[in-house]
Amino acid sequence: MKLSQIFESLSPASVIRTEITNDAIRIRQVCKLSMASSSFADDTLYISLLSNYTALRCYGSDSLFLLIKDQEDLSQVIWPSNYILCTSDIAEADLYVRLIKLQSTSNRVTDAKITLSHALFDCTSITELLEIASHLLGNPILLQDFTTRMLAHSSLDTMRVDDEILNSVFQLGYVTADLFKKYDYDSVLEMIRRTPQTFLLASTKKSSRLICRLMIRHQYFGWFLAAAYNQPFQDGDIEIMDFLAGALTVLLEKENILPNTSHAESLLAELMEPDHAYTEELFRERAAGFGWKLTHHFRIAVIDEIRTQEESCQAIMAYKNHLSLMFPDARILERNHQLILLFDRKKFAPAARQLMPFLQKYRLHATISNEFDQILEYPHRYKQTRSILSLGKKLHPEDSIHYFDRYAMYYAILQLAAADNIRDYCMPQLIAVYRYDREYHTEFALSRRLTLELGSATAAAQHLNIHRNTMDYRLKKFNEIAGISRETPDTAEHLMLSYKILDLFPEIL
């Protein structure tokens, strides 16, 4: 037990006088001074009433004495070399019990540190070290990275506990997004990130935890926690957790516990930089060095901006963890609060069917790119697919997945609009029909569009639930108002382009 720990156990108001000649003194045991005491050990703390100490005349010892003032005359006292004099307000028995408990805790912490130090040299894995620490603390320990993924844990009798967060971590391997809001989890993660020492997190909603942040190579890595699952926390557990943090840091830096997919994500992040120096061959060679063998069947899925007022800013990591379990072969990158999934597979339909329930559950949208065969196209395809995502949410918000093919012409219109006056490419005849419909409450423009999209007047009539003769009349009126005397394939294509221009730029009307 250190001298500082003794002072911490005493209130400043209770200390009258202190004389310490050896600041490095360490206490191995605590004793009550009795009339039978005849010899004194330097590593022992003696507790006594001042009157008993005076009566014993034990003046020559270098031991530490904790004396309680029970006499007024101090002028005749011959003081020891090391002592702390306290007020008579402190009961001798209470002080003895308090310091015995402190000494017991100190010994427990010292023994635990020695055990962990030996384990650091003898253990071959993170899990082994966590198992030993778990026995020392009497409770299970979990190691998680900053995304809430569980990387390792000590053994547990059952994976079912009365705690939704722990159940999610044990059963799925991460904290699900819907639990973030329920438990204000983004605030918890921010608290962990900002707190350098072990702290107690107590809550009425879930079991208590001791949580300690981990920094690996001067970067925030994640944390480990002990859950009060088998027994309540004890004095000294925080000190043991702080020491364990150092041991875990050594092993984490040595073992590089991050999964290989992080290398792929780093490579893709580099590829997104405009000044990267990669060639197709160089990128593939470097990827192969990390065990990532690229083929020629790439598709990108971009999941829309996840951070909203209703959802926490950290929930995106929960979505990423969920998707990484659904698609272990996908490389997932977070950018601009969106998730970019890179698939390297020829058949994509099964992945789309898997993705749909996830999007519907969390009310998200995704865009799927066309297939491409050069990995260096990744940044361009992301930019392209991201634009399509905005178009899909605007034009068909009821759909969860938007495919590039459906919006390719819209994307081309946007590129054209960025370079020129888009109104110049919209047929003025179609604008005239729309204005006529607005003034006379007709549907000639809509009828003509459906005929183009469905490929026949009969199908358009059925869609609008009108007679075929009515549809023929509407198409005839459309041509009269538009001034179109003879239709050609070019006319039909220009009309379709104009319809899509007006979808994106209705202000033209």
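The values are calculated or read from the model by the stated rules, or taken from the named source; none is laboratory data. Because the structure is a prediction, the values reported are computed rather than measured. For neighbour counting, all protein chains shown are included, and Cβ atoms are generated from backbone atoms with ideal geometry for every residue, glycine included. The area values use the complete protein model at the heavy-atom level, side chains included, leaving out ligands, DNA and RNA. Shrake-Rupley method; radii C 1.70, N 1.55, O 1.52, S 1.80 Å.
Whenever a residue of the stretch 320-338 is without any contact (Cβ under 8 Å) to a residue 40 or more places away in the chain, its partners that are in a loop (DSSP other than H, G, I, E, B) and open to solvent by 70 Å² or more (accessible area, probe 1.4 Å), lying with C-beta atoms within less than 7 angstrom and at least six residues away or across chains, give the pairs His337/Glu305; His337/Arg307.
Counting only residues that are at pLDDT 85 or above and more than 54 Å from the chain's Cα centre (by Cα), which one in the stretch 23-51 is nearest to Ile100 (Cα to Cα)? Among them, the one singled out is Ser48. Being modelled with pLDDT under 95, outside any strand (DSSP E or B) and not charged (D, E, K, R) holds for only one residue in Leu376, Leu414, and it is Leu414.
The condition (being among the basic types (Lys, Arg), assigned to a helix (DSSP H, G or I), under 29 Å from His218 (Cα atoms) and open to solvent by 20 Å² or more (accessible area, probe 1.4 Å)) is satisfied by just one residue among Lys181, Lys113: Lys113. Residue count for the stretch 123-153, restricted to those that are among the aliphatic types (A, V, I, L, M) and assigned to a strand (DSSP E or B): 6.
Checked against the criterion of being of a type in the set (Ser, Thr, Tyr), in contact (Cβ under 8 Å) with a residue 24 or more places away in the chain and surrounded by fewer than 17 Cβ atoms within 10 Å (Cβ to Cβ), the stretch 137-159 contains one or more residues that satisfy it.
The criterion of being touching a residue at least 40 places away in the same chain (Cβ under 8 Å), of a type in the set (A, V, I, L, M) and open to solvent by 40 Å² or more (accessible area, probe 1.4 Å) holds for Leu509.
Restricting attention to the stretch 358-370 and to residues that are farther than 30 Å from Glu281 by Cα and surrounded by fewer than 16 Cβ atoms within 10 Å (Cβ to Cβ), the residue that is farthest from the chain's Cα centre (by Cα) turns out to be Gln360. Could you tell me whether Leu355 is of a type in the set (A, V, I, L, M, F, W, C), open to solvent by less than 30 Å² (accessible area, probe 1.4 Å) and on the phi < 0 side of the Ramachandran plot? In short, yes. The set of residues in the stretch 371-429 that are open to solvent by 60 Å² or more (accessible area, probe 1.4 Å), farther than 12 Å from Val302 by Cβ and among the polar types (S, T, N, Q) comprises Gln374, Gln415, Asn421, Gln429. Can you name the residue in the stretch 465-496 that is β-branched (Val, Ile, Thr) and not in a loop (DSSP other than H, G, I, E, B) and is also surrounded by the fewest Cβ atoms within 10 Å (Cβ to Cβ) among such residues? The qualifying residue surrounded by the fewest Cβ atoms within 10 Å (Cβ to Cβ) is Thr470.
For the stretch 189-223, filtering for residues that are out of contact with any Pro (no Cβ under 9 Å at 6 or more places or on another chain), of a type in the set (A, V, I, L, M), open to solvent by 60 Å² or more (accessible area, probe 1.4 Å) and in contact (Cβ under 8 Å) with a residue 12 or more places away in the chain leaves 1. Within the stretch 294-317, is there a residue that is open to solvent by 10 Å² or more (accessible area, probe 1.4 Å) and part of a helix (DSSP H, G or I)? The answer is yes; a qualifying residue exists.
Taken over the stretch 430-464, the criterion of being open to solvent by 60 Å² or more (accessible area, probe 1.4 Å) and aliphatic (A, V, I, L, M) is satisfied by Leu446, Leu454. Restricting attention to the stretch 50-106, the residues being under 30 Å from Gln234 (Cβ atoms), open to solvent by 50 Å² or more (accessible area, probe 1.4 Å) and touching a strand residue (DSSP E or B) at 6+ places or on another chain (Cβ under 8 Å) number 2.
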